[in-house]
Amino acid sequence: MKILGIETSCDETAAAVLEIKNRQWEIRSNVVSSQVKIHAKYGGIVPEVAAREHVTAMIPIINKALRRAKIVDPFKEIDLIAVTKGPGLVSSLLVGVGTARTLSYFWDKPLIGVNHLAGHIYSSLLDTKSSIFRFQFPVISLVASGGHTELVLLKDYEKFKVVGQTLDDAVGEAFDKVAKILGLGYPGGPLVSKLAKQGNSRAFDFPRPMIGSGDFNFSFSGLKTAVLYNRDKRQETRDKKYVADVCASFEQAAVDVLFFKTLKAAEKYKVKTVLLGGGVAANKKLRRELKGALRKKLPFAACYLPPVSYTGDNAAMIALAGYFRYKYAKNKSPFKENWRKLKVDPNWEL
Ligand code: KG4
Ligand code: ZN
C-alpha cells in the first residue's frame, strides 16, 4: 500500500510517500520545507507566522512529494492519508489536517490522524529499505525534542504508556535557551552541540537535575538557570573558549540525565528494544553514550536510532505511524469518514 504522510505540527511543512510491500517498506519521497530561517529572526517560533507559511507551502510540498514518488494518479495510487493531528501548535495543525481532509474527500481515501510523538518513536525504523516488523517488545523509547522529553513504554505496536516526562522544560528547549543565553542564535541544539566539540565537558560542574529521583521524570529548567548564573558571573560570551566549555559541560549534563534514565527504565521494564526519537536524537554525544551504556549494561537489548536526517520533523515518520495505527485498528470504517470529522488535538497525549 502507498501512504501519503502530512506533517505541519510546528515549523516544518512536510509531505512524504511511503510504500509498504511484502513486510518491507520504502520511502518513495520525503519533502520537508523548514521555516527555521524565518523564525530565527524572532529567536523562536511565532505561531501566527508558522501557520501562514504552512498555508503557502502545503500544496506545493505535497505536489513535490507525489512527483518525486512518481505518483501519476493519486486517485488510483494512494491508499491511505496520514496526518499529524497533535500535539503541536493549533493553527499549524489546522493547515495540515484541513488539507488532508480535503484530499481524503476528493480522492475518496481513508484518513488517519497520527500522534506526532508516535511518529518520532517509529522514526527509528526509517533507514532506506527495511522490514517493518523489526521491534521486539517490550520497547522503551526516549522522545527528546523541542516540545517533549518523554520515556514511552510499548508493550506492542500501538500500546503506548508514558512512564516518565519532563516536569518543566523539554531538553531541546533547554538547548535552545542555553544558545540564547550565550548569544548563539536559533535553533540552539545544533549550534550548542557543534561548539561543545571544541570545549571541555568537565570545565563546569552543572547539575544533573532529578538524576537520582528514582522515577523516570525529567527537569531541565534548573540546568538552564545554572548556565544563566554562570554566564552572569563571568560575563564573557565573547570568549570563545569559555562559550565552548559551557556548551560542552551543559551538553554533558543533559546527555547524562537522558541516557541514565533511559537505561534505568530499560532495566526496570526488562525491555528487548531501546529507541530514540525527536530533534535531540540528532545529538551525536547522546547517540554515542546511549549506545555505549546499553552495550555495557544491557547487551541483549537492541538499540535503534533514527537516521539523523529523520530526527527532525518529517512526514515519512507520520506515514509510518499512520500505517501502524491503521493496521492495528480493530475497526477501519471510521477512517473512511474522517474527512468529515477529523479534528486537531493540540494537547494530545500518547
Ligand atoms: O523534533 P523537533 O524537530 O521539533 C519538535 O517536535 O520539537 O525538535 C527540535 C529540537 C530543537 O529544540 C533543537 O534545538 C533540537 O531539537 N536539536 C538538537 C540537535 N539538533 C536539533 N538538540 C541537541 N543536539 C542537536 N544536535
Ligand atoms: Zn517533533
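Note on the chain: Kirkwood hydrodynamic radius from all Cα pairs is 20.6 Å, rounded to one decimal. Note on the chain: helix-only mean residue ellipticity at 222 nm, from DSSP H runs of 4+ residues weighted -39500 (n - 2.57) and normalised by residue number, equals -14000 deg cm²/dmol. Taking label points 7 Å from Cα along the Cα-to-Cβ direction, Lys343 and Asp73 give a separation of 3.8 nm.
Full extension of the chain between Lys233 and Asp156 yields a length gain of 22.7 nm, computed as 0.36 nm times the residue separation minus the alpha carbon distance. Accessible surface of the chain, 1.4 Å probe: 52 percent of it comes from carbon and sulfur atoms.
Projected label points at Lys327 and Glu267, each 7 Å from Cα along the beta carbon direction, are separated by 3.3 nanometres. The relative contact order of the chain, computed from alpha carbon pairs under 8 Å that lie at least 6 residues apart in sequence, is 25 percent. Which whole-angstrom value gives the distance between the alpha carbon centres of the range 91-167 and the range 23-72? Between the Cα centre of the range 91-167 and that of the range 23-72, the gap is 17 Å. Accessible area of His120 (1.4 Å probe, protein heavy atoms only, ligands and nucleic acids ignored): about 0 Å².
Compared with the rule-of-thumb size 2.2 N^0.38 Å for a compact globular protein, the range 31-169 has a Cα radius of gyration ratio of 1.19. Rolling a 1.4 angstrom probe over the protein heavy atoms with all chains in place gives the chain an accessible area of 45 Å² per residue.
Pairing the Cα long axis of helix 221-234 with the longest principal axis of the chain, what angle in degrees results, from 0 to 90 and rounded to the nearest 10? Around 40 degrees separate the two axes. Taking Ser309, Ser92, Ser249 in turn, the Gaussian network model of the chain (Cα-Cα springs below 10 Å) assigns the largest fluctuation to Ser309. Note on Ser34 and Lys180: the extension gain reaches 50.5 nm, defined as 0.36 nm multiplied by sequence separation minus the Cα-Cα distance. My understanding is that a pair violates if its Cα-Cα distance is over 23 Å; which of Lys264/Lys285; Lys70/Lys327; Lys109/Lys332; Lys159/Lys261; Lys37/Lys180 do that in this structure? In this structure, Lys70/Lys327 exceed 23 Å between Cα atoms. Counting only Cβ charges, +1 for Lys and Arg and -1 for Asp and Glu, the dipole size of the chain around its Cα centre is about 940 debye.
The values are calculated or read from the model by the stated rules, or taken from the named source; none is laboratory data. Since this is a predicted model, take the numbers as computed values, not measurements. Here the Cβ is made from the backbone with ideal geometry for all residues, glycine too, and neighbour counts use every protein chain on show. Note: areas computed on protein heavy atoms with side chains; ligands, DNA, RNA excluded. Shrake-Rupley method; radii C 1.70, N 1.55, O 1.52, S 1.80 Å.
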